[in-house]
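Here the structure comes first, spelled out in structure tokens, and everything after it is commentary.
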Amino acid sequence: MSKSIMDIVAEARAAVPAISQEDVVAMMGADNVLVVDVRDGGEVAESGKIQGALNVSRGMLEFNADAATPYYNEAFTKDKTIILYCGSGGRAALCGRALMELGYTDVRNLGAFNDWVENGGAVE
């Protein structure tokens, strides 16, 4: 039996723990924390991103996070807490599950960028 994308997203949301905005604010700036915006560049250009976040589109995340690829970004290390967000939280959940499959052990889903903005989160 095949699954719908919403089934797959629901499974990913169940696998990747959510994190509150308050907890993210408290953790921001620590050397062992990486906040990643997995939206596409056009979305980020239109709305900005969380202050201090790294933008890596969903399509390139695994390549940036795996040291075995030529696209590896040294900001990704498996000893960090990786906090992901996107437009609604679905892509962030899918990315979180993919990072877990790559061996990242502390991955969190912040959810929706708009919620961050509406609650007064810093944007650049």
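Within segment 1-11, is there a residue that is under 15 Å from the mean Cα position of the chain (by Cα) and polar (S, T, N, Q)?
no
Taking the residues in segment 85-105 that are without any contact (Cβ under 8 Å) to a residue 60 or more places away in the chain, under 22 Å from V117 (Cβ atoms) and open to solvent by less than 10 Å² (accessible area, probe 1.4 Å) as candidates, determine which candidate is nearest to the chain's Cα centre (by Cα).
My answer is Y85.
Cβ-Cβ below 6 Å, separation at least six or inter-chain, first residue in segment 38-65 and farther than 20 Å from V123 by Cα and free of Cβ contacts under 8 Å to residues at least 24 places away in the same chain, second surrounded by 14 or more Cβ atoms within 10 Å (Cβ to Cβ) and among the polar types (S, T, N, Q): which pairs?
That search, which allows pairs on different chains as well, returns N64/N73.
So, L34, is that one buried (at least 17 other Cβ atoms within 10 Å of the Cβ), in contact with a helix residue (DSSP H, G or I) (Cβ under 9 Å, 6 or more places away or on another chain), under 21 Å from R13 (Cα atoms) and in contact (Cβ under 8 Å) with a residue 24 or more places away in the chain or not?
Against the criterion (buried (at least 17 other Cβ atoms within 10 Å of the Cβ), in contact with a helix residue (DSSP H, G or I) (Cβ under 9 Å, 6 or more places away or on another chain), under 21 Å from R13 (Cα atoms) and in contact (Cβ under 8 Å) with a residue 24 or more places away in the chain), L34 does not qualify.
What single numbered condition from (1) surrounded by 11 or more Cβ atoms within 10 Å (Cβ to Cβ); (2) modelled with pLDDT of 95 or more fails to hold for E22?
Only one criterion is unmet by E22, namely (1).
Would you check if there is a residue in segment 44-62 being of a type in the set (D, E) and either within 12 Å of C86 (Cβ to Cβ) or modelled with pLDDT under 95 (or both)?
No, segment 44-62 has no match at all.
Considering (1) surrounded by fewer than 17 Cβ atoms within 10 Å (Cβ to Cβ); (2) closer than 17 Å to A15 by Cβ; (3) in contact (Cβ under 8 Å) with a residue 12 or more places away in the chain, say which one N114 fails and leave the rest.
(2)
Being in contact with an Asp or Glu (Cβ under 9 Å, 6 or more places away or on another chain) and either open to solvent by less than 60 Å² (accessible area, probe 1.4 Å) or within 18 Å of L94 (Cβ to Cβ) (or both) is the filter here; which residues of segment 53-76 pass it?
A53, L54, N55, V56, S57, R58, G59, E62, T69, F76
The values are calculated or read from the model by the stated rules, or taken from the named source; none is laboratory data. Computed from a predicted structure; not experimentally measured. Every residue, glycine as well, gets a Cβ built from its backbone with ideal geometry; the counts of neighbours run over all protein chains shown. Side chains are part of the model used for accessible areas, which takes the heavy atoms of the whole protein and leaves out ligands, DNA and RNA. Shrake-Rupley method; radii C 1.70, N 1.55, O 1.52, S 1.80 Å.
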